[in-house]
């Protein structure tokens, strides 16, 4: 026996006379209730309304393709360390000098990477790129690194007479 | 801003962390289910609790288990594990997260249920009431 949550019918069963009795203007939102008829009186034992279900919400700002704003310095030798400044350095997978991976790199934060210049026998200028899980940085004039081909050490001499 | 909602299914659900997941700008929120109102002049249900965590570091491509609580099956809402993020259901302590808000308490006998915590919290059900009606057959 019970009360239809969406209507108002009580289906009497045990107890008294039983049978179908209609209750006017009675309405429940929620679970079904019990009821019984005894004599001419219908006793409605209403169920409590159902509680609302839970929910999980996941919100995030998606990572996009990285961009390079500057290299510092943008000229140097193999083995030098340069600082790459840009955006979206998140989940970084590779840092390349042309097609050659950096000897090593460290993502300092989402806008800065410290990278070691790899060997490149061809020398010249190459485009540095950063690859994250979404995309590779587009070529821009600010990402050009130039290999120096010779070096000298500045110094001084003391001449004592 | 990317938003995903997970609703109650009565079973664990799996979410794969997307490649564009941002560990520095995210928020995960769990809302516990509200409790049912008790029958026959009983107490109303309490509101579900709320728990959240921000800038959570997840590995793109990994799978995360999610369970959304329902009063009939299981009241707790869980993200990943009960030690990572969990919003317990009505009248239950033990939510886990960096921010926890308690749901409204049961209103008592023959009253409306407690409000759910947070903006989307599961509200508790109203208590059942008894009534009599005399019909002459």
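The values are calculated or read from the model by the stated rules, or taken from the named source; none is laboratory data. Please read all numbers here as calculations on a predicted model, not as lab measurements. Cβ placement follows ideal geometry from the backbone for every residue including glycine, while neighbour counts extend to all protein chains displayed.
Taken over the stretch B:1-25, the criterion of being outside any strand (DSSP E or B) and touching a residue at least 60 places away in the same chain (Cβ under 8 Å) is satisfied by B:7, B:8, B:10.
Among the residues of the stretch B:24-48, those that are modelled with pLDDT of 80 or more and at the interface with chain A (Cβ under 7 Å from one of its Cβ atoms) comprise B:24, B:25, B:26, B:27, B:28, B:29, B:30, B:31, B:32, B:33, B:34, B:48.
Within the stretch B:87-106, the residues that satisfy the criterion of being at negative phi and surrounded by fewer than 24 Cβ atoms within 10 Å (Cβ to Cβ) are B:92, B:93, B:96, B:98, B:99, B:100, B:101, B:102, B:104, B:105.
Check the stretch B:26-39 and report whether any residue there is out of contact with any strand residue (DSSP E or B) (no Cβ under 8 Å at 6 or more places or on another chain), closer than 30 Å to residue A:66 by Cβ and assigned to a loop (DSSP other than H, G, I, E, B).
Restricting attention to the stretch B:26-39, the residues satisfying the condition of being out of contact with any strand residue (DSSP E or B) (no Cβ under 8 Å at 6 or more places or on another chain) are B:34-36, B:38.
Next, only the ones that are closer than 30 Å to residue A:66 by Cβ stay: none.
Scanning the stretch B:26-39 turns up no residue that is out of contact with any strand residue (DSSP E or B) (no Cβ under 8 Å at 6 or more places or on another chain), closer than 30 Å to residue A:66 by Cβ and assigned to a loop (DSSP other than H, G, I, E, B).
Inspect the stretch B:53-76 for any residue being part of a loop (DSSP other than H, G, I, E, B), over 13 Å from the mean Cα position of the chain (by Cα), farther than 28 Å from residue A:110 by Cα and facing chain A (nearest Cβ under 8 Å) and give the result as yes or no. The answer is no; no qualifying residue exists. Restricting attention to the stretch A:111-150, the residues that are buried (at least 20 other Cβ atoms within 10 Å of the Cβ) and under 14 Å from residue A:84 (Cβ atoms) total 11. The requirement of being touching a residue at least 24 places away in the same chain (Cβ under 8 Å), over 29 Å from the mean Cα position of the chain (by Cα) and within 18 Å of residue A:67 (Cβ to Cβ) is satisfied by residue A:126.
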